[in-house]
Structures are given as structure tokens and as C-alpha cells.
Amino acid sequence: MKIGLLRHFKVTLGYPRKLVTSQELLSWQQEYNESKIEEVVIDHQGQKWSKCYSSDLERAKITASRAFKGNIIFLEDLREMSLYPVVKTQMRLPLWLHVTLIRLAWFLGHNSQKESKKEVIRRINKVLDEALVHDEDILIVGHGGIMMFMRKELLKRGFSGSKFNRPENATVYIFDNE
């Protein structure tokens, strides 16, 4: 059985290049979720998929529909983690500082974050439990952060596959348990 992890097509909206307030960061995140994407050809490395699961966010839905011809199962559980500014202020901070504070708060379970790491891993395992029961080759289309945790969960379940720190857009990472 093989599992393919595929990060959505690249989003055309770039990162803020200036200092931003926490509200501007939230606005940018919303724009990012609604941004257009750059479609490219996806290399499946000769693999044929029996089923496809995908995040229900638009960029993942479009990617999944280009990558898989057939019925796609769209799931909210495959959405990227929701991250929120730790410091709600009108003071402008560099993006890297916002991101560092948010990631640190998320990993430490700070109450500024609406979803814990444990909850994210729970929903990833819920999807994997459903997918693996079929014993078919499955493509899962999602987002970078979710893919990093999903890779760890696949390895715990006896799969082997590609190593990545930050998955590339529109690249299939294949994991095998045979």
C-alpha cells in the first residue's frame, strides 16, 4: 500500500514585506486563503492512485482535481492548522517575529492558539485511520504544516518514504508500507 502526500499548488500572493500589525497579519492570512494559485504539471512518479482525499480549502481542491480523476473526498480535517497572533497590538512587527511567536505559542499550547498540537495530530490520525482501512494506494492533498505531521504519523505506522523539512508545492511524496 502506498500513500502519496501532495502539497497544493503554489499560492500567488507573496508574504508581507513590511512590518505588520496583528490585524494586518490576520487580513493577510485571509487573503492567502483566497489567493489564486500557479498550476503546474504534477509528477506522480508513475504511481496510480485508487482514492484521493483532500483539504476542503480552494487551493487544495483545485490541486486535487488536477491530480486525480475520480471521486475526491474533501475533508475539513486536512486543513492547515489555524494560527493566531500571540500579541494583539497595533504596533507593527516584522513578519518573522509574528511567525516565531505564533509557532512557539502553538508548540507550548498557549491559549492564544485555538487548536492544540494534540488536536491536529488527532485529526490527522482520523484521516489516516479512514484511508488505511481500504488497503489501497491513496493520494492525500493538503498543506505544508499538516504534511509534516502526517509524515511523522505515517512513519509511526510502519511506512517509509521521502524526507522533507518543508514540502514543495505540487510535489508528490510517496510513502510505502510494503
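The values are calculated or read from the model by the stated rules, or taken from the named source; none is laboratory data. Not measured: the values here are computed from a predicted model. Backbone-built Cβ (ideal geometry, glycine too); neighbour counts: all protein chains shown.
Which one is surrounded by the fewest Cβ atoms within 10 Å (Cβ to Cβ) among residues in region 106-128 that are farther than 21 Å from residue 61 by Cα and of a type in the set (D, E, K, R)?
Filtering region 106-128 down to residues farther than 21 Å from residue 61 by Cα leaves 106-119, 121-122.
Within this subset, residues satisfying the condition of being of a type in the set (D, E, K, R) are 114-115, 117-119, 122.
Details: 114: 11, 115: 15, 117: 14, 118: 8, 119: 12, 122: 12.
It comes out as 118.
Checking residue 177 against (1) at pLDDT 95 or above; (2) within 20 Å of residue 46 (Cα to Cα): exactly one of these is not met. Which one?
Among (1) at pLDDT 95 or above; (2) within 20 Å of residue 46 (Cα to Cα), residue 177 violates only (1).
Just checking, does region 147-154 include any residue being under 16 Å from residue 173 (Cα atoms), surrounded by 14 or more Cβ atoms within 10 Å (Cβ to Cβ), in contact with a Leu (Cβ under 9 Å, 6 or more places away or on another chain) and not hydrophobic (A, V, I, L, M, F, W, C)? Even if it seems obvious, please write down each step before you answer.
So in region 147-154, the residues under 16 Å from residue 173 (Cα atoms) come out as 147-154.
Next, from what is left, pick out any that are surrounded by 14 or more Cβ atoms within 10 Å (Cβ to Cβ): 147-151, 153-154.
Right, trim to in contact with a Leu (Cβ under 9 Å, 6 or more places away or on another chain) and you get 147, 150-151, 153-154.
Going one step further and asking which of them are not hydrophobic (A, V, I, L, M, F, W, C), we end up with 151, 153.
Yes, region 147-154 contains a residue that is under 16 Å from residue 173 (Cα atoms), surrounded by 14 or more Cβ atoms within 10 Å (Cβ to Cβ), in contact with a Leu (Cβ under 9 Å, 6 or more places away or on another chain) and not hydrophobic (A, V, I, L, M, F, W, C).
Considering only region 54-66, state which residues are crowded, with 22+ Cβ neighbours inside 10 Å and either aliphatic (A, V, I, L, M) or farther than 13 Å from residue 143 by Cβ (or both).
Residues of region 54-66 crowded, with 22+ Cβ neighbours inside 10 Å: 54-55, 59-60, 63-64.
Of everything in region 54-66, those that are crowded, with 22+ Cβ neighbours inside 10 Å and either aliphatic (A, V, I, L, M) or farther than 13 Å from residue 143 by Cβ (or both) turn out to be 60, 64.
Among (1) of a type outside the set (Ser, Thr, Tyr); (2) exposed (fewer than 12 other Cβ atoms within 10 Å of the Cβ); (3) free of Cβ contacts under 8 Å to residues at least 40 places away in the same chain, where does residue 45 come up short?
Residue 45 satisfies all of (1) of a type outside the set (Ser, Thr, Tyr); (2) exposed (fewer than 12 other Cβ atoms within 10 Å of the Cβ); (3) free of Cβ contacts under 8 Å to residues at least 40 places away in the same chain except (3).
Report whether or not residue 72 is modelled with pLDDT of 95 or more, closer than 22 Å to residue 11 by Cα and touching a Ser or Thr at 6+ places or on another chain (Cβ under 8 Å).
Working: modelled with pLDDT of 95 or more: yes; closer than 22 Å to residue 11 by Cα: yes; touching a Ser or Thr at 6+ places or on another chain (Cβ under 8 Å): yes.
So residue 72 fits the description; yes.
Out of 152, 156, 163, 126, report the one residue that is of a type outside the set (S, T, N, Q) and more than 18 Å from the chain's Cα centre (by Cα). Spell out how you get there, then give the answer.
Working: 152 fails: more than 18 Å from the chain's Cα centre (by Cα); 163 fails: more than 18 Å from the chain's Cα centre (by Cα); 126 fails: more than 18 Å from the chain's Cα centre (by Cα).
Testing whether each residue is of a type outside the set (S, T, N, Q) and more than 18 Å from the chain's Cα centre (by Cα) leaves just 156.
Considering only helices (runs of 4 or more DSSP H) fully contained in region 51-162, which possess at least 1 residues that are among the acidic types (Asp, Glu) and within 23 Å of residue 16 (Cβ to Cβ)? Talk me through it step by step, then tell me what you get.
Values: elements: 58-67, 95-108, 117-132, 144-156.
Correct list: 58-67.
Can you name every residue in region 76-105 that is surrounded by 16 or more Cβ atoms within 10 Å (Cβ to Cβ) and farther than 14 Å from residue 146 by Cα?
From region 76-105, those surrounded by 16 or more Cβ atoms within 10 Å (Cβ to Cβ) are 77-81, 83-86, 93, 95, 98, 101-102, 105; that's our starting set.
84, 85, 86, 93, 95, 98, 101, 102, 105 - these are the residues of region 76-105 that are surrounded by 16 or more Cβ atoms within 10 Å (Cβ to Cβ) and farther than 14 Å from residue 146 by Cα.
Quick one: in region 11-38, of everything that is among the charged types (D, E, K, R) and surrounded by fewer than 15 Cβ atoms within 10 Å (Cβ to Cβ), which residue is modelled with the lowest pLDDT? Write out each step before concluding.
So in region 11-38, the residues among the charged types (D, E, K, R) come out as 17-18, 24, 31, 34, 36, 38.
Retained after the next criterion (residues that are surrounded by fewer than 15 Cβ atoms within 10 Å (Cβ to Cβ)): 17-18, 31, 34, 36, 38.
Numbers: 17: 76, 18: 83, 31: 90, 34: 87, 36: 93, 38: 96.
Among residues in region 11-38 that are among the charged types (D, E, K, R) and surrounded by fewer than 15 Cβ atoms within 10 Å (Cβ to Cβ), the one modelled with the lowest pLDDT is 17.
Identify the single condition in (1) at pLDDT below 95; (2) in a loop (DSSP other than H, G, I, E, B); (3) crowded, with 17+ Cβ neighbours inside 10 Å that residue 167 does not satisfy, given that it satisfies every other one.
That leaves (1) as the condition not met.
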